[in-house]
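J.: Let me give you the structure first, and then I'll get to my questions.
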Amino acid sequence: MPKALIVGTGLGGLTTALRLASRGYDVEMVEMFRQAGGRLNQLKKDGFTWDMAPSFFSMSYEFKEFIDFCGIDMPFEFVELDPLYAVNFRGSNRNYQIYKDLHKLGQEFSELEPGFEEKARRFLKDTGRLFHDTENRVIRRNFDGLIDYLVSLAGVPWGHAPKMFRSVWSEMSRYFDSREVKEILSLVSFFLGATPFDTPAVYTLLSYTELVHDGYHNVRGGMYKIVEGLISELNKKGISIRYNTEIKGFEAQNGRLTGFTDAAGIVHNADVFVVNADAAVFRHQVFNRKKWSEERLDRFHWTMAPLTIYLGLDQQVDSLYHHHYFLGNNFKDYAAKIFKNRISLDQPYYYVNTLSRFNPESAPAGCETVFILCPVPHRLFKPDWSDRDQIVDNIIADLSARVGVDLKKRIISKTVMDPIDWEKSFHLHRGSGLGLAHDLNQIGHFRPKNVDEQFKNVFYVGSSTVPGTGLPMAVISSKLATERILQQYGPVH
Ligand SMILES: Cc1cc2nc3c(=O)[nH]c(=O)nc-3n(C[C@H](O)[C@H](O)[C@H](O)COP(=O)(O)OP(=O)(O)OC[C@H]3O[C@@H](n4cnc5c(N)ncnc54)[C@H](O)[C@@H]3O)c2cc1C
């Protein structure tokens, strides 16, 4: 029975562990953090429980594909979001509710964009075609070299080609006139850790996944139930995880890796190794490859970093919605400058998730569990975070004014994670929250590969390898890495 060692317990690592175990592999896992989940983590403090980062996801059917592959029941419960989220613009009391039902959404936007429903149907028909033309051809498969990738791309109908050269923003402008509507619909670019002005229009297919296809889901009891559910399945299979165990070095023989060495000098041997740590960073930090030197890593395009704030409030705030975006009035200027730290963070754009709204057990009775995520420049552009308390105070003051409650007076628990904390906790390059960006020269064949260049028994899974970032992509990534492994070693039963 081949033994597989998995480095990292992010969603990609956990799902690969279960896939391999279901095919008879003897699996072990190591993790440098104190608990499992990677970015899909949890913070518990002062009687409150927060999801540390992801708060919803699309393409829930990827989890269904995963449990079918493993032959297990869904170990957590999805909740479909309706409305998907709310959006507020600075200076206005109005909170737009973003419904999946286009008729209802048209009514919500009736003053902003007359004829929205019809325009949206045309837009979504177009992006839907793109989604279905690329899903299995480009997103859900491995590529064996550039030619294989190009042949696959050539099979995508040429009518979509102009979307490679336009931005999400200019594509939106072909269908909609209202600034606010375009800003709201292009928020999907931020889910890729970039802005609608530098994200290729091919990613408007995310609008289709959001508004038509599968919508957004979260999980009853909070997102960390995903991790708890997966851990309980791993326990049933006797798979152990060693926490606080950082892999620092390796041993190899005859072109094959024989073991990874942790910070305490212990060698972890196996036949197959799966790296769930960032696929580019690990090649630099542990394999010390020239092609992946720090300078070269910096030349890649990395997604924005998170500044995250976890508040426990001693009262509920009815004017906060479950998923709530707070935007300003200088979207284009802000988006163009924020990435490179060329605009002040005095009045930032941010997202708020109120977990206790539908999961009261996450807060003491009558209290509120609030998570604030502010996308900020990663550390190549803003290395110093000594001003973080000022930025956090600005955000809390801004949010207070917009929800009509002086939150500062209501805080009984507060934790902040800045890009330095994110970088240290999970080895995220320069604190980049979503890993490598999705520019056309950083996806598919051009993304760090899921098989190692040197050691043929080392595989990668997670956000910075194929296909990309986000929870459903991590699950697809585990499917692709498992396919590679089974091709070489076969299923045991
Ligand atoms: C603030 C924020 C909000 C997000 N919101 C959403 C959302 O709402 N919806 C969504 O779909 N996605 C969201 N994402 C993205 C999503 O969290 C990630 O794409 C996904 O969780 C990444 O999973 P992964 O498999 O790449 O592993 P990771 O989560 O990166 O886990 C990798 C693991 O490897 C460990 N590791 C690294 N190096 C070593 C080493 N040398 N030795 C041992 N262990 C090591 C790390 O500690 C970590 O636990 C968000 C991300 C962030 C940061």
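Rule-based calculations on the coordinates, nothing more; no lab input. Remember, predicted model here, so these are calculated numbers, not experimental data. Please note: Cβ atoms are built from the backbone with ideal geometry, for glycine as well, and neighbour counts cover all protein chains shown.
J.: For the chain, what is the per residue volume of the convex hull drawn over the alpha-carbon atoms, in cubic angstrom?
T.: 141 Å³
J.: Still on this structure, please answer the following. Within segment 335-371, find all residues whose amide N lies under 18 Å from a label point positioned 7 Å from the Cα of Asp393 along Cα-to-beta-carbon.
T.: 344-348
J.: Moving on. Using the crude model of +1 on Lys and Arg Cβ and -1 on Asp and Glu Cβ, and no other charge, please compute the dipole size for segment 1-139 relative to its Cα centre, in debye to 20.
T.: Result for segment 1-139 is approximately 340 debye, rounded to the nearest 20.
J.: Given contacts defined as C-alpha pairs under 8 Å and at least six residues apart, what's the relative contact order of segment 193-335, whole-number percent?
T.: RCO, segment 193-335: 18 percent.
J.: Based on the alpha-carbon gyration tensor of segment 148-237 and its eigenvalue square roots a ≥ b ≥ c, which shape applies: rounded if a/c is under 1.5, prolate if not and a/b is larger than b/c, or oblate?
T.: Oblate is the answer for segment 148-237, as a/c is 1.5 or above yet b/c matches or exceeds a/b.
J.: OK, next. Looking only at the chain, where both bridge partners belong to it, what percent of the DSSP beta bridges are antiparallel (to the nearest 5)?
T.: 70 percent
J.: Oh, and also: Using 1/(1 + (r/R0)^6) with R0 = 30 angstrom and r between the beta carbons of Asp298 and Gln487, what's the FRET efficiency to the nearest 0.05?
T.: Efficiency at R0 = 30 Å is approximately 0.35.
J.: Eigenvalues of the Cα gyration tensor times 5, then square-rooted: what semi-axes does that give for segment 1-69, in whole angstrom, largest first?
T.: 25, 18, 8
J.: Calculate the length of the line joining the C-alpha centroid of segment 467-493 to that of segment 73-94, in whole Å.
T.: Each part reduced to its Cα centre gives a spacing of 30 Å.
J.: Using only the Cα atoms of segment 101-214, build the gyration tensor, take square roots of its eigenvalues as a ≥ b ≥ c, and label the shape rounded, prolate or oblate: rounded if a/c is under 1.5, else prolate if a/b is larger than b/c, else oblate.
T.: Note, shape of segment 101-214 comes out prolate.
J.: Please identify the trypsin sites (Lys or Arg not before Pro) of segment 177-234 that satisfy two criteria: DSSP loop assignment and at most 15 other Cβ atoms within 10 Å. Which are they?
T.: Arg220
J.: Just check segment 228-376 against the gyration tensor rule for me: Cα atoms, a ≥ b ≥ c as the square roots of the eigenvalues, rounded for a/c under 1.5, and otherwise prolate or oblate depending on whether a/b exceeds b/c.
T.: oblate
J.: Then there is this: Between the alpha-carbon centers of segment 254-309 and segment 1-48, tell me the distance in whole angstrom.
T.: Using only Cα atoms, the two centres lie 16 Å from each other.
J.: Sticking with this structure for a sec: Taking Lys340 as the anchor, which lysines have their alpha carbon closer than 22 Å to its alpha carbon, excluding any fewer than eight residues away along the same chain?
T.: Once the sequence-local lysines are set aside, what remains near Lys340 is Lys332, Lys382, Lys424.
J.: A further question follows. Using 0.36 nm times the number of residues separating Asn330 and Phe165, minus their current alpha carbon distance, what extension gain do you get?
T.: Result for the pair: 56.9 nm of gain on full extension.
J.: So, one more: Could you work out the relative contact order of segment 101-214, using alpha carbon pairs under 8 angstrom and six or more residues apart, expressed as a whole percent?
T.: 31 percent
J.: Here's another thing I want to ask about it. Rounding to the nearest 20 debye, state how big the charge dipole of segment 349-493 is about its Cα centre with +1 on each Lys and Arg Cβ and -1 on each Asp and Glu Cβ.
T.: Magnitude of the dipole: close to 200 debye.
J.: Moving on. Rounding to the nearest 20 debye, state how big the charge dipole of the chain is about its Cα centre with +1 on each Lys and Arg Cβ and -1 on each Asp and Glu Cβ.
T.: It comes to approximately 900 debye.
J.: Taking Lys479 as the anchor, which lysines have their alpha carbon closer than 25 Å to its alpha carbon, excluding any fewer than eight residues away along the same chain?
T.: Lys3, Lys64, Lys225, Lys236, Lys237, Lys449, Lys456
J.: Continuing with this model, one more query. Once both axes come from the Cα atoms, what is the angle between helix 471-489 and the longest principal axis of the chain, in degrees from 0 to 90, rounded to 10?
T.: So the helix axis and the longest Cα principal axis differ by about 10 degrees.
J.: Same structure, new question: By per-residue mean of other Cβ atoms within 10 Å, what is the highest-first order of 12-18, 393-399?
T.: Going from most to least packed, we get 12-18, 393-399.
J.: Under 8 Å for C-alpha pairs, at least 6 residues apart: give me the relative contact order for the chain, rounded to a whole percent.
T.: Rounded, it is 23 percent for the chain.
J.: If you find the alpha carbon centre of segment 172-223 and of segment 381-457, how far apart are they in angstrom?
T.: Cα centroid to Cα centroid, the span is 19 Å.
J.: So if we plug the beta-carbon distance of Leu150 and Arg129 into 1/(1 + (r/R0)^6) with R0 = 22 Å, what FRET efficiency do we get, rounded to 0.05?
T.: With a Förster radius of 22 Å, E is 0.55.
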